[in-house]
Amino acid sequence: MSTAVLYDEPGPKARRRSLIGTVVAVVAFAVILYLGYRRLEERGQFDSDLWYPLLNPTDPQFRLVWERLAEGLMATLVAAALAIVFSLTIGTVLGVGRLMLGRLGRIPLVAGIELFRGLPVIVTIFYVYALKNHFKADISWLPGEDGLWYLVLGLTIYNSVIIAEILRAGVNSLPSGQAEAGLAIGLTPRQTMVAIQLPQAFRTMLPALISQLVVILKDTSLVAVLGLYTELLRRGNLISQVLDNPLQVLFVVALIFILINYGLSRLATFAERRLSTRTAGAPATTSAVPGAGAATGL
Amino acid sequence: MDAVYDNLDLFWSGFLRSLGICLWGMAGSLVLGTLIAAFRVSPIPALRWFGTAWVTLIRNCPLTVVLFMFAFGLPELGINVSYYLFGVSALVLYTSAFVCEAIRSGINSVQLGQAEAARAIGLTFGQTLGQVILPQALRSSLPPLGSVIIAMFKNSALVGAFGVGGDLWGVGNQLTSAQGYDALPVFTGVAIGYLCITLPAAALLATVERKVAIAR
């Protein structure tokens, strides 16, 4: 339903009212913006020595600052990429397991899924770290810093469970005729799952999976609070401690995150629209699944 | 697990403080999110743009960045309040965008004919929204709204980890760094504490979902 249905095509009176409302709203926003601007100005937050290292290429620190930020962004992207690959792999196994196991095998699996779904990601990340220290495990043979793996494993624990649920919903949303046809032509249940159900489930779940990537990308920044791994936000925080301009650096960091995630959200919307036109014969597959749709995840 | 048994009273007080963060966050984000949702469907274009910009910007920005902006950015503007208030405000601001979208998805799920019928019998925009659309929309936005709130409960751990002090995470920190307990059992206790918030909330949501489910 488009919102325009909520009210009539405006007549002269309604147009006047809406104009007055617009003017009041615009004036209110302008006043708020101006007050914010005044405050920033008074506090000297527009001073060139706070902004130039970020914006002015001729500033002596410009190159170094952006090299550092690029390193941070790279670290964020690497962690997110590793986490999504691991989560997809483990999540698929868990999701298929939940669908195909008998009742006895399913109980511990479901319990585990529900348990890890209820844990805050920052707790799982820190828990991996605590676990490693407790057992004095040596993970230095893994490529990259140790911090990367605390983050990746912590993210994987949470997200593989979420992806398992997304996939399960995807398989369940398929018409039952799909599995029945597979069994009828003599495929085993496992072959039916792998050759018929999973490929379709992946396709219908593509938008939700992309949205989950946005969530993972955002969650990489959690580790900045723990200080275990220098990704984009922590890198920005370190830079701002040197340059003494937290507002300006955080503004840039936020902008980078928003641009990337907005791009991904648009991609999810695009995929959803494309899939919905291609699967016109079997509508309402994606909308039947919670979490599908563009960037719903927190 | 002695670290947990010996300090149960400490964990209990931490649990209550964490629960407090969750409840303040829930109250604040529901109010703010509903307001933004009203903006997003309002007849006034400027308000709609504001709502859209709010949701797009905040939804794509990590909560951690919002939190850092509050805690490190606002003091630069001479705004100094406690970390608790900074943390809860960041949580409310961030969650409001998701609450708005959950409510809006509910409004969008109400069939076109409902609004048309309301307008046909001469109800105003306010009446249409308040007496016809929202009562139906709130029912169907309850499941997504519930997931948003549960996710917010989990996100509140970040506020604790940031250093509010006295909450579950703060207790864990205090026991490991000041009193030298091993981090593994202590944070197992912390994890159980958070599960005591999220699991009952999820169960409650599932029950309520079944109760309000309507066939369309």
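Yes/no matrix, rows are residues, columns are (1) more than 10 Å from every other protein chain (Cβ to nearest Cβ); (2) farther than 29 Å from B:ASP167 by Cβ; (3) in contact (Cβ under 8 Å) with a residue 24 or more places away in the chain:
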residue	(1), (2), (3)
B:TYR94	no, no, yes
B:CYS100	yes, no, yes
B:ILE103	yes, no, yes
B:VAL110	no, yes, yes
B:GLU116	no, yes, no
B:ARG119	no, yes, no
B:LEU129	no, yes, yes
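Would you please name the residue that is farthest from the other protein chains (Cβ to nearest Cβ), looking only at residues in the range B:166-196 that are in a loop (DSSP other than H, G, I, E, B) and open to solvent by 30 Å² or more (accessible area, probe 1.4 Å)?
First, the residues of the range B:166-196 that are in a loop (DSSP other than H, G, I, E, B): B:166-167, B:179-182.
Of the ones still in play, those that are also open to solvent by 30 Å² or more (accessible area, probe 1.4 Å) are B:166, B:179-182.
Details: B:GLY166: 17, B:GLN179: 15, B:GLY180: 13, B:TYR181: 11, B:ASP182: 6 Å.
So, considering only residues that are in a loop (DSSP other than H, G, I, E, B) and open to solvent by 30 Å² or more (accessible area, probe 1.4 Å), the one farthest from the other protein chains (Cβ to nearest Cβ) is B:GLY166.
With a requirement of 2 or more residues that are open to solvent by 20 Å² or more (accessible area, probe 1.4 Å) and in contact with a Lys or Arg (Cβ under 6 Å, 6 or more places away or on another chain), none of the helices (runs of 4 or more DSSP H) lying completely within the range A:131-218 satisfies it. For the range B:32-82, a tally of residues being at the interface with chain A (Cβ under 10 Å from one of its Cβ atoms) and assigned to a loop (DSSP other than H, G, I, E, B) returns 8.
Condition check: in contact (Cβ under 8 Å) with a residue 12 or more places away in the chain and assigned to a loop (DSSP other than H, G, I, E, B). Does A:LEU228 satisfy that?
On the way: in contact (Cβ under 8 Å) with a residue 12 or more places away in the chain: yes; assigned to a loop (DSSP other than H, G, I, E, B): yes.
In short, yes.
Residue count for the range B:56-86 satisfying the condition of being among the hydrophobic types (A, V, I, L, M, F, W, C), in contact with a Gly (Cβ under 8 Å, 6 or more places away or on another chain) and either over 19 Å from A:ASN237 (Cβ atoms) or open to solvent by 20 Å² or more (accessible area, probe 1.4 Å) (or both): 1.
Scanning the range A:42-54 for residues that are surrounded by 12 or more Cβ atoms within 10 Å (Cβ to Cβ) and either away from chain B (no Cβ under 13 Å) or in a helix (DSSP H, G or I) (or both) yields A:ASP49, A:LEU50, A:TRP51, A:TYR52, A:PRO53, A:LEU54. Exactly one residue out of B:SER147, B:SER105, B:SER89 is assigned to a helix (DSSP H, G or I), surrounded by fewer than 22 Cβ atoms within 10 Å (Cβ to Cβ) and either more than 16 Å from the chain's Cα centre (by Cα) or not hydroxyl-bearing (Ser, Thr, Tyr) (or both): that is B:SER105.
Within the range B:40-55, residues that are open to solvent by 10 Å² or more (accessible area, probe 1.4 Å) reach partners that are in a loop (DSSP other than H, G, I, E, B) and among the hydroxyl-bearing types (Ser, Thr, Tyr) with beta carbons closer than 9 Å, at six or more positions or on different chains, in the pairs B:PRO43/A:TYR7; B:ARG48/B:SER42.
Put simply, of A:VAL242, A:VAL253 the only residue that is at pLDDT below 90, closer than 30 Å to A:ASP49 by Cα and assigned to a helix (DSSP H, G or I) is A:VAL242. Here is a check on your reading of the model: is A:ILE32 within 14 Å of chain B (Cβ to nearest Cβ) and open to solvent by less than 30 Å² (accessible area, probe 1.4 Å)? No; evaluated as a whole, the condition is false for this residue.
Using the structure shown, decide if B:ALA203 is at the interface with chain A (Cβ under 8 Å from one of its Cβ atoms) and either surrounded by fewer than 19 Cβ atoms within 10 Å (Cβ to Cβ) or in contact with a Gly (Cβ under 8 Å, 6 or more places away or on another chain) (or both). The answer is no for B:ALA203. Here A:PHE62 passes the criteria (1) touching a helix residue (DSSP H, G or I) at 6+ places or on another chain (Cβ under 8 Å); (2) surrounded by 13 or more Cβ atoms within 10 Å (Cβ to Cβ); (3) within 14 Å of chain B (Cβ to nearest Cβ) except the one numbered (3). How many residues does the range B:131-149 hold that are among the β-branched types (Val, Ile, Thr), more than 8 Å from every other protein chain (Cβ to nearest Cβ) and within 30 Å of B:SER82 (Cβ to Cβ)? Adding up the residues that qualify gives 1. Against the conditions (1) open to solvent by less than 50 Å² (accessible area, probe 1.4 Å); (2) within 14 Å of chain B (Cβ to nearest Cβ); (3) within 29 Å of B:ASN173 (Cα to Cα); (4) more than 17 Å from the chain's Cα centre (by Cα), A:GLU114 satisfies every one except (1). If you go through the range A:6-17 one residue at a time, do you hit one that is within 30 Å of A:LEU228 (Cα to Cα) and loosely packed, with under 15 Cβ neighbours inside 10 Å? Scanning the range A:6-17 turns up no residue that is within 30 Å of A:LEU228 (Cα to Cα) and loosely packed, with under 15 Cβ neighbours inside 10 Å.
Evaluate the range B:83-92: report whether one residue or more is within 7 Å of chain A (Cβ to nearest Cβ), closer than 29 Å to A:ILE260 by Cβ and out of contact with any His (no Cβ under 8 Å at 6 or more places or on another chain). Checked against the condition, which is being within 7 Å of chain A (Cβ to nearest Cβ), closer than 29 Å to A:ILE260 by Cβ and out of contact with any His (no Cβ under 8 Å at 6 or more places or on another chain), the range B:83-92 yields no hits at all. A count restricted to the range A:246-267 and to residues that are surrounded by fewer than 22 Cβ atoms within 10 Å (Cβ to Cβ), closer than 20 Å to A:PHE62 by Cβ and touching a residue at least 24 places away in the same chain (Cβ under 8 Å) stands at 3.
Does A:THR89 fit the bill of being surrounded by 13 or more Cβ atoms within 10 Å (Cβ to Cβ), part of a helix (DSSP H, G or I), within 13 Å of chain B (Cβ to nearest Cβ) and of a type in the set (S, T, N, Q)?
Numbers: surrounded by 13 or more Cβ atoms within 10 Å (Cβ to Cβ): yes; part of a helix (DSSP H, G or I): yes; within 13 Å of chain B (Cβ to nearest Cβ): no; of a type in the set (S, T, N, Q): yes.
For A:THR89, the condition - surrounded by 13 or more Cβ atoms within 10 Å (Cβ to Cβ), part of a helix (DSSP H, G or I), within 13 Å of chain B (Cβ to nearest Cβ) and of a type in the set (S, T, N, Q) - is not met.
The values are calculated or read from the model by the stated rules, or taken from the named source; none is laboratory data. This structure is a prediction, so every number in the text was calculated from the model and none was measured. Positions of Cβ are backbone-derived with ideal geometry, glycine not excepted, and every protein chain shown enters the neighbour counts. The area values use the complete protein model at the heavy-atom level, side chains included, leaving out ligands, DNA and RNA. Shrake-Rupley method; radii C 1.70, N 1.55, O 1.52, S 1.80 Å.
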